[in-house]
Amino acid sequence: MAKTKKADLARQVLEYKLDDSVGFMITITERRLKKHLTEALAYEGFPYGMWFFLRVLFEEDGLTQKELSNRVGMTQPTTVKALRDMEEYGFVRIEKDAEDRRRMRIFLTDKGRKVGARILPILKELNRFALKGVTKEQLEVLRQILRKVRQNIDNGRFVPRLVDEEE
């Protein structure tokens, strides 16, 4: 009987195809898009690891380091390293918060704004390329779904349920 259960488990695993896994599809899509994004950024001489921080600041300047970390989805140490590099490149300036001297606020420099203004149109074209054949309605549904997935992940805690092969 144990062999039958193992065979059933194996069939269940095989029935869960890669294209049925949202996580797999998102990851593979992200990897393929990242390749093009990295190349586009390199064309402008801009390191990939800094882009998301610059992009967030381009939309809202003067965030605290913690706010920036949260928006980009990176740990604080990763953010600190990226900000030091961005400051060295001359893309940002880091200032103590006027109200709370323990907090640091991050501001784009003119150089940071200029490089962002050059890169954004290129990346807009990359999005057009990736979304070719996708209708506005489909894109809006995709955005809604991805926001919901992100919200579920941010607001919950996944606890895996292990399948006992011997059952």
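The values are calculated or read from the model by the stated rules, or taken from the named source; none is laboratory data. Because the structure is a prediction, the values reported are computed rather than measured. Cβ sites come from the backbone with ideal geometry, for glycine too, and all protein chains shown count toward neighbours.
For the stretch 43-70, the candidate set comprises residues that are touching an Asp or Glu at 6+ places or on another chain (Cβ under 8 Å) and not in a loop (DSSP other than H, G, I, E, B); within that set, the residue that is nearest to residue 103 (Cα to Cα) is 64. Against the test of being touching a strand residue (DSSP E or B) at 6+ places or on another chain (Cβ under 8 Å), at pLDDT 95 or above and not aromatic (Phe, Trp, Tyr), the options 93, 103, 71, 143 yield a single qualifying residue, 93. Any chance the stretch 72-87 includes a residue that's in contact (Cβ under 8 Å) with a residue 60 or more places away in the chain and over 30 Å from residue 155 (Cα atoms)? Looking through the stretch 72-87, none of the residues is in contact (Cβ under 8 Å) with a residue 60 or more places away in the chain and over 30 Å from residue 155 (Cα atoms). Filtered by the rule that a residue be touching a helix residue (DSSP H, G or I) at 6+ places or on another chain (Cβ under 8 Å) and within 17 Å of residue 110 (Cα to Cα), the stretch 61-98 gives 63, 83, 85, 86, 89, 90, 91, 92, 93, 94. Pairs meeting the criteria (first residue in the stretch 98-125 and within 14 Å of residue 53 (Cβ to Cβ), second residue of a type in the set (A, V, I, L, M) and part of a loop (DSSP other than H, G, I, E, B), beta carbons under 9 Å, at least 6 apart or on different chains) are 105/98. Any residue at all in the stretch 40-55 that is out of contact with any His (no Cβ under 9 Å at 6 or more places or on another chain), over 18 Å from residue 110 (Cβ atoms) and basic (Lys, Arg)? No: the stretch 40-55 contains no residue that is out of contact with any His (no Cβ under 9 Å at 6 or more places or on another chain), over 18 Å from residue 110 (Cβ atoms) and basic (Lys, Arg).
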